[in-house]
2 protein chains.
Amino acid sequence: MGHEKIVLRGNPSLTESLKIVKDGLAQRRTVMVIGSCRVRYEGRASSTLQEGERILIVKDDGNLLIHRPYDLEPVNYMPSANRDEQDKLPTPRKAGGCLFEATSDGESLTIRAVRKEKRESISATFSRIYAVMGLDLVDRATFSLYASEEDMRRAILVEPALVEQGFRPTSFERRVEPGFVDVYGSDSEGRLVVIEIKRNAAGKDSALQLARYVESIRAQVTGTVRGILVAPGLARGVQPLLASLSLEFKPLSPRKAFEVLKSRGLVEQHELSAWF
Amino acid sequence: MGHEKIVLRGNPSLTESLKIVKDGLAQRRTVMVIGSCRVRYEGRASSTLQEGERILIVKDDGNLLIHRPYDLEPVNYMPSANRDEQDKLPTPRKAGGCLFEATSDGESLTIRAVRKEKRESISATFSRIYAVMGLDLVDRATFSLYASEEDMRRAILVEPALVEQGFRPTSFERRVEPGFVDVYGSDSEGRLVVIEIKRNAAGKDSALQLARYVESIRAQVTGTVRGILVAPGLARGVQPLLASLSLEFKPLSPRKAFEVLKSRGLVEQHELSAWF
DNA sequence: GAGTGGATTTCGCAT
DNA sequence: ATGCGAAGTCCACTC
């Protein structure tokens, strides 16, 4: 029993609701209740929310949300207790440290969650239930939030201060290798600057690649040549390697780059524009 | 048609789903779709989310949320376009500046939302729908949050002895050069007192911020100026920093502040029952 | 586990 | 509108 993909009841009886919620919680399914409720939270702060019609969601990892019919943010919520453990898992996770309890006094349905470590608890009491459901949802897809490396390069060209104050790009080359884009320029003291951009956390290969570029340039010119690795971050162990190669690191997130381009109206919106 | 409180279908046909979603959007009802979808967002950033089972909610004020079966935060979202207008309304609000569109190609259901001013848009395409519903929820209740930093400030104003015997507040949220002083007053010996309040354990930033305030005020007046950091505790390493800055620390928990307000009848009574 | 900084931050209040 | 600070911030990352 209870192995159905979806259990859903409209205008359920109290008994029916209690069973569906209890089963859903016990089986670590996503549980949703739509109805009129009062909510109380105590923990980091205290809050009360009087009777009103809302949507309550308990996800299968124990995260709890209570949404009003308006507002982007949940009016009440409680994070799952075991976030750290969850993050180690590549796929959907199950709750561990959060205690859930569904009870009924014959008139109403109360869902209560207690998070021991953080000493916080939340309680929602439904006096009326319009719909209740237990869901067994599967979502293993990866979420990608991005601006392209090309976007990062363009952002640096239009706003060189992203690299450092006084940086002036003088020329740039096309992509020489998948994943790498170069920008050349000079700093405030006239020194030559070679920039290598990486969209993801830069690994050793990036540092070594940049080192080769810098070395190549140094052989052709006189004077100091600085090598700067621009990336959202460094992979483990790259920091000391960079230092030993006398290279520098400048953090830049694709998001930041995207913002810069957007603020200048330079972002490509071919799909977006079609919608207007 | 469509005047029902709740329209709810399990395993609906594509045609049925499209109608319920279209009607719900047109009538500014809260719309919810549960199923397998792909999501694409463009605007402040860009994101893609491959096929997976999720919960999509369009609230009656136009806020859109897409939740995976895990995580506290929505994987994708789009704020309603008219937040400011909404905030002026005491009761449930309706969307204005957000364009919604529901379409079907015979195989899937696509819900799109476009926010013109912010130039952002989101699109969710459902290849499979387990449940779809249109809700007419009413929630006019007020949400009360206690033991906030604001409450701590109020508590100090009504009971200055929480800071120290003889303290007399003269003003609060006084504008000074670097920002705002939480509470401003004088001690039993007439010395000026500047108070910075923190709800959580105060960190280095709090100490430095208070130091800036004190410095600013010392530049404007003659005589001693005391800086007191009021917080439930100090983060590690802040104690010596405070000492080196010649600042003082007075422990005060939000809970205590709340108790004070409650004892004066300045907050709605509500029980703080045992958690376990 | 604590500290630091970012977020498609959101939210609220101030000028 | 804009800007600043708070948030029951959450969240990822580093030490």
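The values are calculated or read from the model by the stated rules, or taken from the named source; none is laboratory data. Please read these numbers as outputs of a predicted model, since none were measured by experiment. No Cβ is skipped: glycine too gets one built from the backbone with ideal geometry, and neighbour counts run over all protein chains shown.
Of all residues in segment A:102-141, which are within 16 Å of DNA strand D (Cβ to nearest atom) and either touching a helix residue (DSSP H, G or I) at 6+ places or on another chain (Cβ under 9 Å) or not in a strand (DSSP E or B) (or both)? Matches in segment A:102-141: A:ILE111, A:LYS116, A:GLU117, A:LYS118, A:ARG119, A:ASP139, A:ARG140, A:ALA141. Looking at this structure, is A:THR48 at the interface with chain B (Cβ under 7 Å from one of its Cβ atoms), β-branched (Val, Ile, Thr) and buried (at least 23 other Cβ atoms within 10 Å of the Cβ)? Spelling it out, it is not the case that A:THR48 is at the interface with chain B (Cβ under 7 Å from one of its Cβ atoms), β-branched (Val, Ile, Thr) and buried (at least 23 other Cβ atoms within 10 Å of the Cβ).
Only one entry of B:SER244, B:SER216 meets the criterion of being among the small types (Gly, Ala, Ser) and surrounded by 12 or more Cβ atoms within 10 Å (Cβ to Cβ), and that entry is B:SER216.
Checking B:LEU56, B:LEU65 one by one, the residue that is touching a His at 6+ places or on another chain (Cβ under 9 Å) and more than 9 Å from chain A (Cβ to nearest Cβ) is B:LEU56 and no other. May I ask you to list the residues in segment B:192-235 that are within 17 Å of B:SER148 (Cβ to Cβ) and more than 24 Å from the chain's Cα centre (by Cα)? Hit for segment B:192-235 is B:ILE195, nothing else. Of the listed requirements (1) farther than 22 Å from A:LEU56 by Cα; (2) modelled with pLDDT of 90 or more; (3) at the interface with another protein chain (Cβ under 9 Å from one of its Cβ atoms), B:ARG119 misses just one: (2). Within the set B:THR91, B:THR48, the sole residue that is polar (S, T, N, Q) and either at pLDDT 95 or above or under 22 Å from A:SER144 (Cα atoms) (or both) turns out to be B:THR48. Of all residues in segment B:10-31, those satisfying the criterion of being over 18 Å from B:VAL114 (Cα atoms) and not in a helix (DSSP H, G or I) are B:GLY10, B:ASN11, B:PRO12, B:SER13.
Yes/no matrix, rows are residues, columns are (1) surrounded by fewer than 17 Cβ atoms within 10 Å (Cβ to Cβ); (2) within 16 Å of DNA strand C (Cβ to nearest atom):
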{"residue": "B:ASN200", "(1), (2)": "yes, yes"}
{"residue": "B:ASP205", "(1), (2)": "yes, yes"}
{"residue": "B:ILE228", "(1), (2)": "no, no"}
{"residue": "B:PRO232", "(1), (2)": "no, yes"}
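Take A:ALA219 and tell me if it is more than 14 Å from chain B (Cβ to nearest Cβ), without any contact (Cβ under 8 Å) to a residue 12 or more places away in the chain and either within 16 Å of DNA strand D (Cβ to nearest atom) or among the aliphatic types (A, V, I, L, M) (or both). The answer is yes for A:ALA219.
For every residue, the table says whether it meets (1) surrounded by fewer than 20 Cβ atoms within 10 Å (Cβ to Cβ); (2) within 14 Å of DNA strand C (Cβ to nearest atom); (3) farther than 19 Å from B:CYS98 by Cβ.
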position: B:VAL7; (1), (2), (3): no, no, yes
position: B:GLU42; (1), (2), (3): no, yes, no
position: B:ASP61; (1), (2), (3): no, yes, no
position: B:GLU73; (1), (2), (3): yes, yes, yes
